[in-house]
1. Does B:ALA101 count as among the small types (Gly, Ala, Ser), surrounded by 15 or more Cβ atoms within 10 Å (Cβ to Cβ) and not in a helix (DSSP H, G or I)?
2. Quick check on segment B:110-127. Is at least one of its residues within 31 Å of the chain's Cα centre (by Cα), within 22 Å of B:MET49 (Cβ to Cβ), in the same structural domain as B:ARG189 (by TED's automatic domain parsing) and of a type outside the set (Ser, Thr, Tyr)?
3. Go over the candidates B:ALA123, B:ALA139, B:ALA101, B:ALA156 one by one and state the one that is among the small types (Gly, Ala, Ser) and out of contact with any helix residue (DSSP H, G or I) (no Cβ under 8 Å at 6 or more places or on another chain).
4. Scanning for something in a helix (DSSP H, G or I) and closer than 19 Å to A:ASN254 by Cβ, does segment A:301-321 turn up at least one residue?
5. At the interface with chain A (Cβ under 9 Å from one of its Cβ atoms), in contact (Cβ under 8 Å) with a residue 12 or more places away in the chain, surrounded by fewer than 22 Cβ atoms within 10 Å (Cβ to Cβ) and touching a His at 6+ places or on another chain (Cβ under 9 Å), is that true of B:ILE388?
6. On the basis of being more than 7 Å from chain A (Cβ to nearest Cβ), buried (at least 16 other Cβ atoms within 10 Å of the Cβ) and part of a strand (DSSP E or B), does B:ALA341 make the cut?
7. Take B:LEU165 and decide whether it is outside the structural domain of B:ALA304 (by TED's automatic domain parsing), in contact with a helix residue (DSSP H, G or I) (Cβ under 8 Å, 6 or more places away or on another chain) and of a type in the set (A, V, I, L, M, F, W, C).
8. Residue by residue through segment B:391-408, note down the ones that are crowded, with 17+ Cβ neighbours inside 10 Å and either more than 11 Å from chain A (Cβ to nearest Cβ) or at pLDDT 90 or above (or both).
Amino acid sequence: MNSVAQYLSKNAREYGIWIALVLIVILFQILTSGLLLIPNNVASLIQQNAYVMILAMGMVMVIVAGHIDLSVGSIVAFVGGITAIMMDSWGVPWYLAVLGALVAGAVIGSWQGFWVAYVGIPAFIVTLAGMLIFRGLAIVIVGTTVAGLPRPFVNISNGSLPNALGFVGNLDVVTLVIGALGVAALVWAQLRTRRAAVKHDIAVDPAGLFWGKIVLIAVFAGYMTFLLANSAGGTPIVLVLVGVLIIAYTFLLNRTVFGRHIYAIGGNLTAAILSGVNTRRTNFMIFVNIGMLAGVAAIVTTSRAGAAVAAAGGNYELDAIAACFIGGTAVTGGIGKISGAMIGALIMGVLNMGLSIMAVDAAWQQSIKGLVLLLAVALDLIGKRRTGR
Amino acid sequence: MSSTPILTMVDITKEFPGVKALSEVNLTVYPGEIHAICGENGAGKSTLMKVLSGVYPVGTYEGEIHFNGEPCQFRNIRDSEHKGIAIIHQELALSPYLSIAENIFLGNERASRGVIDWNATNAEAAKLLRMVGLDSDPATRIVDIGVGRQQLVEIAKALSKDVKLLILDEPTAALNDEDSANLLALMRRLRDEQGMTMIMISHKLNEIAAVSDSVTVIRDGQTIKTLDMHGEEPVTEDVIISLMVGRSLDNRYPVHTSTIGSEVLRVENWTVHHPIQNERKVVDDASLAVRAGEVVGLAGLMGAGRTELAMSVFGRAYGANVSGKVFMHGKEVDTSSVGKAIAAGIAYATEDRKRYGLNLIQPIKTNIVASALGKLSSRGVVDRNEEIRVAEGYRREMRIKSPSIDILSGQLSGGNQQKVVLSKWIYTDPDVLILDEPTRGIDVGAKYEIYQIINTLSDAGKGVLVISSELPELLGICDRIYTMSQGRITGFLDRAEADQEKLMVLMTKERERAAS
């Protein structure tokens, strides 16, 4: 068992963040006398924090490539405004408005990508400008609020998957099926990776640890499924959306040439250029992508509120950036994972939720979140220094 | 030479988790001598110097250090500097946008009550610069002087601290022959005129033979032998090498006969301007050709424009206002971006693998396939099994010493990093490889392996262009050698007719004054 202990200490950084999430959940579970994990709260935890997870996926890619994006909050407000006006004033059907939001996000992303990638202005400056430009434009077009959005659109962030398969006791069968499929897929994918690694003689986790990890994840996923199946609506629609995006972006970063190029640029820009990586196009696409994801976040946010608000998306960029850094993304670029950023986002979400249930003042909530961010990065750096020696 | 040593290190043992880096190493240095320490990469030279200079504080190692007759227990670098031990690292630690004078007194400012006394700073700096034979103005910024001069500034900085023992870690690794010669002359002068004691870590045996009074050879963390260079038996380079590698290396260059085919690469009338000072020609009307199976050398002093020529041909990765033509197999090709150059069959392995060649925070396998992802992906999706197969193949073939291809490339030794870089370029399946200083900072054993790889490439019908500052190396492995001076190709010699003197004449050939 000594080897397992050694292994754990060696990989402490990777598991540390999972452990931190679990500890924070347990802490708030105790502090809120069990209110944190009641089924309906779990469902709204996901609905309320979907935007952080969506934006953090794009932000990871931006930060890994060595940039930053300060403008996503303003883009959310601006695109949200466009989308609401399309439906409310122009009578565009909701699904076309959703498509419009994605296009608008991508166009804004290419505007910023152009300045960063082809003109060579640091992303900090370009997106700081974007933050001001698009906040201003949002106020211009929205005024204060555009309300009266169609039901299906509002359902995206507030509704759940229809209960097509009935109930077992209190439990929604659709949710159970999704949960079971999810766990099965996860086990299958993990086994497949492990087999490939063993076949090629690559070091893998000790078998006990591997199965322990799988059982833990399965228990965790099973428990979440149970809670959601018990909640008022079953599986929130945004959960499906976020789940699909997580799978797609994990694939994009790990398995595609584009993903490789992002890590190459962030790890050593000159070496990437000298390896024939088209760094300009890659940087451009990174910003188009986060623009589009900001469009998705705009849909989710506007739908959740049931209206477009000029002040929407305030501090969203900071939430997303914080999620990335809490999730182990390197400040200097080159290192970072979607999974890490997602856990970072969940930690932020649990903090939000727990503190709200405890009725902690919003001002204090902000200070506490700031401290958590600082501590997370500090611990990461200290850990690095220790393993580096 | 006086009989009491200035420094004795007795039975130094230093362990890292799982590795014994030093095992009962002994070192005795006498005042006023230049003491060379040599050994292969990873032999423990740098670790020993870190113990001596307090980077590894007392208590983290076993053994005793005596300096100037008193026992030393350094807790940090400051302690050792205080006693008069200064170390000049391989990677220079100067602040690029500060002046020479400011750098010399950095951390040790000539000031009263926190206000810099500029007159004293510049005057003392000028005095120190004269001492090291540097004629630059002390107000010049570090970025504006070459590496050779920067090295001298480092020494001036050490002298300003009243140093008694100066440690130079690979002092000439980044220098060309001329600057190296200057530095070695300076070391001799410091020894003869000021009685300075120096420890020099070096791979370059000819330099060790030229300046040192004694040599300690370290292998696998153990002291093998200390040789007296002025003893009765002459110490030859071969003796040192056999002690370093633990076996006799009869030939430092593998025997090889190239089968030369038709022309692969031809560069015509290539002119490149400096990226910032646009009117300055860095490469001036250069033309050269490489044939299939041929190993061609490119010799020149630092600043001659060799790297600039190579990098500008390789996708305009350097320079501005580039003109000229590149032909592959007799057909003109477009090499205006790195991607196009790779597609045309050109590969360029950089002289600075850590900064320009590798993504150090990613594993070996990712680096090996980085330039040819297209070969193992379809529709933008990377085949990871194929990636593993390819990387494993190169690890075995190139004998990259690493337990797995998942090890981060930053954790490898210089020689193994170089093999990763070569693997990466070989995997792009080029017709011609430009290798810029392929053996810089690599130990003797690994150098031999790199030469073998070059020969294998030649046997496979690839054209190889080797840029190197070490003339014996070029003479040892090349079929033909071009020389460059001041941006121009000044000539070429066949292996049979070339020798160091003839090359040096061409390498220093001045620009002929235009008639007008």
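The values are calculated or read from the model by the stated rules, or taken from the named source; none is laboratory data. Computed from a prediction, not measured in an experiment: that's the story for all the values here. All Cβ positions, glycine included, derive from the backbone under ideal geometry; neighbour counts span all protein chains shown.
1. Numbers: among the small types (Gly, Ala, Ser): yes; surrounded by 15 or more Cβ atoms within 10 Å (Cβ to Cβ): yes; not in a helix (DSSP H, G or I): no.
No, not satisfied.
2. Our first condition is that a residue be within 31 Å of the chain's Cα centre (by Cα); within segment B:110-127, this holds for B:125-127.
Subset that is within 22 Å of B:MET49 (Cβ to Cβ): none.
No: segment B:110-127 contains no residue that is within 31 Å of the chain's Cα centre (by Cα), within 22 Å of B:MET49 (Cβ to Cβ), in the same structural domain as B:ARG189 (by TED's automatic domain parsing) and of a type outside the set (Ser, Thr, Tyr).
3. B:ALA123
4. Scanning segment A:301-321, I find no residue that is in a helix (DSSP H, G or I) and closer than 19 Å to A:ASN254 by Cβ, so the answer is no.
5. In short, yes.
6. no
7. Judged against the criteria, B:LEU165 is not a match.
8. Passing the criteria: B:ALA391, B:GLU392, B:TYR394, B:ARG395, B:MET398, B:ILE400, B:SER402.
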